[in-house]
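Trainee: Can you read through this structure? Questions will come right after.
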There are 2 protein chains.
Amino acid sequence: MPTRARRTQRRNQVLSREQIIDTAIDLLDTGGEGALTVRAMTDRLATGSGAIYYHVGNRDELLDTATETVITAALATKPARAAASPEDEIRAVALALFDAIAAHQWLATRLTLQIIRNPVGPVTVGIFERLGQQVGALGVPQPRWFDAASTLVHYILGAVSQNARVEGDTSGIDPDADREEFFDAASAAWQALDPEDYPFMHAIVGQIREHDDREQFLTGIAVVLDGLTNLR
Amino acid sequence: MPTRARRTQRRNQVLSREQIIDTAIDLLDTGGEGALTVRAMTDRLATGSGAIYYHVGNRDELLDTATETVITAALATKPARAAASPEDEIRAVALALFDAIAAHQWLATRLTLQIIRNPVGPVTVGIFERLGQQVGALGVPQPRWFDAASTLVHYILGAVSQNARVEGDTSGIDPDADREEFFDAASAAWQALDPEDYPFMHAIVGQIREHDDREQFLTGIAVVLDGLTNLR
DNA sequence: ACCTGAACACCGTTCAAGT
DNA sequence: ACCTGAACACCGTTCAAGT
């Protein structure tokens, strides 16, 4: 009769699941997916590998839980105050995801993976519900709600994933300088393409150089929202 | 003076780079990214690991080359005949990518990865050029070409990636039966969600069950195209 | 020039054993 | 109940050596 749970555990539980997830996220942020090794975890947490497996099952589950933690936090942004338009709500969610992936590069791959194989988890459901609740107010008729929400999710996740920066090679010292160099090299390469075969790339090199990822993302959302308005 | 290259090589070159890439693609298609191991390669090709490294550098490069091969082939679909509309052209490219990922599940992750870190390679450039050439005809003004093409690429790759099926667990015997079961379980889980908290998910369970991925994809493209028309 | 295959450093995961 | 850490099977990659 467990009316009162055994109060003193055998030993102080020194390792919590939460603690494990937090250091996992830390390792991922610092060195990308490759840096999340069981041994790196045991070093940081000063335990044996068994201790980790006692709490988390396996590496893949750890990755999924880390994803869930970050995304849930990102979605927890308060639904704006009172009179926000559906467009504003959608933009808020989209930008929250954009920023989450900017802060955690490894998320891009993992997020897609989770949506593919765990349509029932809090990540997939959370994103769909949050965005989906707005499409009605947007003027989309009921029978098209799923189509509309899917289009939004596809665009947002696609854009956000492709804006993630290079993973693994976080070895480079100054991230900004890296980005500059990266772009210089890319521009040069685009310029070098045969204009006969690649007229479009030639026409837009300048635009690529000057564009701002976040602004372009918002433009894309505006395009999709506009299109959804005409969905009958 | 190498006016005429040494005609007889020391030994018949028995292993070609192309051959290596082909078996890599085969392994990937059969068992997902996890199945592409150097040892599996040496078994299939009856060589030592060194032979493979002589031709390809490393595993990551092999994965990239495989991606390049498949995507290039997919894009090589002839640009429809004469009078195709820009919308038709875009749809043709989109569906080619859709089908490529359907046939090669591992592509989803790898394609995004390549676009992120190799903006200069044939994959990124090929996709952008092919789609981009149409946005002018669509009525998008020059200064917005990059925005328009990006929106298209983001949507298409997002949608196409999220339609990829579960990787790794190709262990299940009958893929169709699997899909059925998978959907039944998902539907049940969605039904079980609290309708107070998840009104949208409840409203669309039926739509999810009945929808067709490919059709929905085309709807999404129509939405984006429609939105692009108003991009000034 | 092209290939062999042993060797190396490093993985994720398990499990008997401890407290 | 919670943790330890040696052991296992398996990785990707290198490299001296062969032809």
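Trainee: Chain B: which residue's Cβ hugs the B-to-A rotation axis most tightly, distance rounded to whole Å?
Mentor: Closest Cβ on chain B to the axis mapping it onto A, in Å: B:Gly158, 1.
Trainee: While we're on this one: What value does the protein assembly as shown have for Rg/Rh, both radii from Cα atoms and Rh as Kirkwood defines it?
Mentor: In the protein assembly as shown, Rg relative to Rh is 0.99.
Trainee: Each residue of the range B:219-232 in order: what ³J(HN,Hα) in whole Hz does its phi give by Karplus 6.51 cos²θ - 1.76 cosθ + 1.60, θ = phi - 60°, with x for Gly and Pro?
Mentor: After applying 6.51 cos²θ - 1.76 cosθ + 1.60, I find 4, x, 4, 4, 4, 5, 4, 4, x, 5, 4, 9, 7, 10 Hz.
Trainee: Under the convention of a label 7 Å out along Cα→Cβ, give the distances in nm from A:Arg59 to the same position in every other copy, shortest first.
Mentor: A:Arg59 label point versus its equivalents elsewhere: 0.9 nm.
Trainee: Just flag the trypsin sites (Lys or Arg not before Pro) in the range B:18-102 sitting in loop per DSSP whose Cβ has no more than 11 other Cβ atoms within 10 Å. Before the final figure, lay out each step's value.
Mentor: Details: sites: B:Arg39, B:Arg44, B:Arg59, B:Arg81, B:Arg91; in loops: B:Arg81.
In loop regions of the range B:18-102 (DSSP not H, G, I, E or B), the sparsely surrounded trypsin sites (Lys or Arg not before Pro) are B:Arg81.
Trainee: For labels at A:Arg44 and B:Asp213 in the simple 7 Å Cα→Cβ model, what's the distance in nm?
Mentor: 3.4
Trainee: To one decimal in nm, how far is B:Asp194 from the same spot in the other copies, if labels go 7 Å from Cα toward Cβ? Please give the shortest first.
Mentor: 6.3
Trainee: Just want to confirm a number: the relative contact order over chain A, from Cα pairs under 8 angstrom separated by 6+ residues, in percent.
Mentor: Dividing the mean separation by the residue count of chain A yields 20 percent.
Trainee: How about the range A:186-232: which GluC sites (Glu not before Pro) there are in a DSSP loop, with at most 10 other Cβ atoms within 10 Å of their Cβ?
Mentor: Hits after loop and neighbour filter: A:Glu196.
Trainee: Another question about this same structure. Nm distances between the label at A:Pro143 and the same-position labels in the remaining copies, 7 Å along Cα→Cβ, shortest first?
Mentor: Ordered by distance, the counterparts are at 4.3 nm.
Trainee: Please work out whether chain B counts as rounded, prolate or oblate from its C-alpha gyration tensor, where a ≥ b ≥ c are the square roots of the eigenvalues and a/c under 1.5 means rounded, while otherwise a/b larger than b/c means prolate and anything else oblate?
Mentor: Oblate, since a/c reaches 1.5 and b/c is not below a/b.
Since every read-out is calculated from the coordinates, none of them should be taken as a lab result. Source: prediction; values computed, not measured. Positions of Cβ are generated from backbone atoms using ideal geometry, with glycine treated the same way; all protein chains shown enter the neighbour counts.
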